[in-house]
Structures are given as C-alpha cells and as structure tokens.
1. From the gyration tensor of the Cα coordinates in the stretch 94-143, what semi-axes in whole Å does the equivalent ellipsoid have, largest first, with each one equal to sqrt(5λ)?
2. Please compute the net charge surrounding residue 29, taking Lys and Arg as +1 and Asp and Glu as -1 over other residues with Cβ under 10 Å from its Cβ.
3. Not counting ligands, DNA or RNA, and with a 1.4 Å probe, what is residue 69's accessible surface area in Å² rounded to the nearest 10?
4. Could you state how much accessible area residue 126 has, in square angstrom rounded to the nearest 10, with a 1.4 Å probe and all protein chains kept in place?
5. Restricting to DSSP H runs of at least four residues, report the calculated mean residue ellipticity at 222 nm for the chain, -39500 (n - 2.57) per run over all residues, nearest 500 deg cm²/dmol.
6. For the stretch 1-105, what Kirkwood radius comes out of the mean inverse Cα-Cα distance, in Å?
7. Excluding residue 126 itself, what net charge comes from residues whose Cβ is under 12 Å from its Cβ, given Lys and Arg +1 and Asp and Glu -1?
8. Within the stretch 79-118, whose backbone N sits under 17 Å from a point 7 Å along Cα→Cβ of residue 136?
Amino acid sequence: MNAANAQSGKWKRLKREPGPPLKLFRTFEDLYVNPRNQANEKMIILSGRDSVNVIPLTTTGEIIFVRQFRFGIEAETLELPGGLTEPDENPEEAARRELREETGYAADSWEFLNKVGSNPVFMDSWVFHFVAREATLKYDLQLDVGEDISLELLPVKETLFRLEQGFFTHPHTISALCTFFLRNPML
C-alpha cells in the first residue's frame, strides 16, 4: 500500500474522558476511529502548558547549560535551561524568566528559533526555542522546590562537537541546537 492510500481519511475522536491527574499534566483517554480500517483506538493524552528552552550565549562565546536529574531515565542530563510557561505568559516572557531562575543570567538580545511538538505522540503542547545573546550573570538562582541544578558553560564549537557525537540526550535540547547550528553554520 502506498502512502496516498494510507491517508484515505482523517482520524475522528469519538469521545474523551478525563484520566487521573498528574503533577504537571491533565490526562485524557480518547477514543479514535482509524480512517484506514475503521478500528477503534484508545489513546492516552497528556495535556499541559507549553514550554520553552533557551540557548544562552555569553559575551565570551559560551553556551550555558544546566545539569539536572531526570526521573524518566534516572540519570543526569546536560540540557538547555527552560521550563513550562505560566498561565497567561507568552513564550518569550517564559524564556526570559526560566533563564533568570535556572541560571541567574539575563540577556537583552533575544531571537525566536522555532516551535516543536513536546511529544506529538501523546502530548498536546509545544516547546518554543529561543536564543539569548550576550547573556550576563545578574541574579541568584531561583530554583523550584523540585529542582537541583548545576551550571556548565561550553564553548560553541565544543557544543557542536558534542551534538555531532550524540552526547546530548534531551530531545528539546537537541532540537534547539540543531536549528541553531543550521541557521548559524559559520560558528
């Protein structure tokens, strides 16, 4: 069967029922009809706020990363600072706040890179990627009660090398860095 035949119609949601509440998300159990074969498919959806992450570039040409424990893989990751947007907060405001809270850095020059689905397989939210240029240390960290973060600064070229070697494991960090380096190939 070719791709055109597989796309014979659109998925139709028949019903939605609330699932158990989680710390950061609401859950739903959705029942869909598969347009290819009319089979019913029950799906679990995580519904939550959008999130942001930031590529903060210092005045000395380094990128600021945060190292933190991730419960899903039970390991520390080195990733870009970021987090969930607050209600009624636009993505750039959230990015500025997250950079300040997680790193103590601030920047005046901001660039929107792109947005990607958090995980479109089962989540309904988006991740907005930003670049913050000429970031300087101005504040104390303001970590959430569930955060334990340390900072690491890497030169831009070392960051690109590590990206190419598969060092980074957080998909939002990888997505943002790939977009950044594709748009700035001479770095």
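The values are calculated or read from the model by the stated rules, or taken from the named source; none is laboratory data. These numbers were taken from a predicted model, which means no experiment stands behind them. Glycine gets a Cβ as well: all are built from the backbone with ideal geometry, and neighbour counts include every protein chain shown. Surface accessibility is based on the protein's heavy atoms, side chains included, excluding ligands, DNA and RNA. Shrake-Rupley method; radii C 1.70, N 1.55, O 1.52, S 1.80 Å.
1. 25, 14, 6
2. Overall, the nearby charge balance is +1.
3. Using a 1.4 Å probe on the heavy atoms, I get roughly 90 Å².
4. Rounded to the nearest 10, that gives 110 Å².
5. -6000 deg cm²/dmol
6. Evaluated over the stretch 1-105, this radius sits at 17.4 Å.
7. Result for the local shell: 0.
8. 100, 104-110
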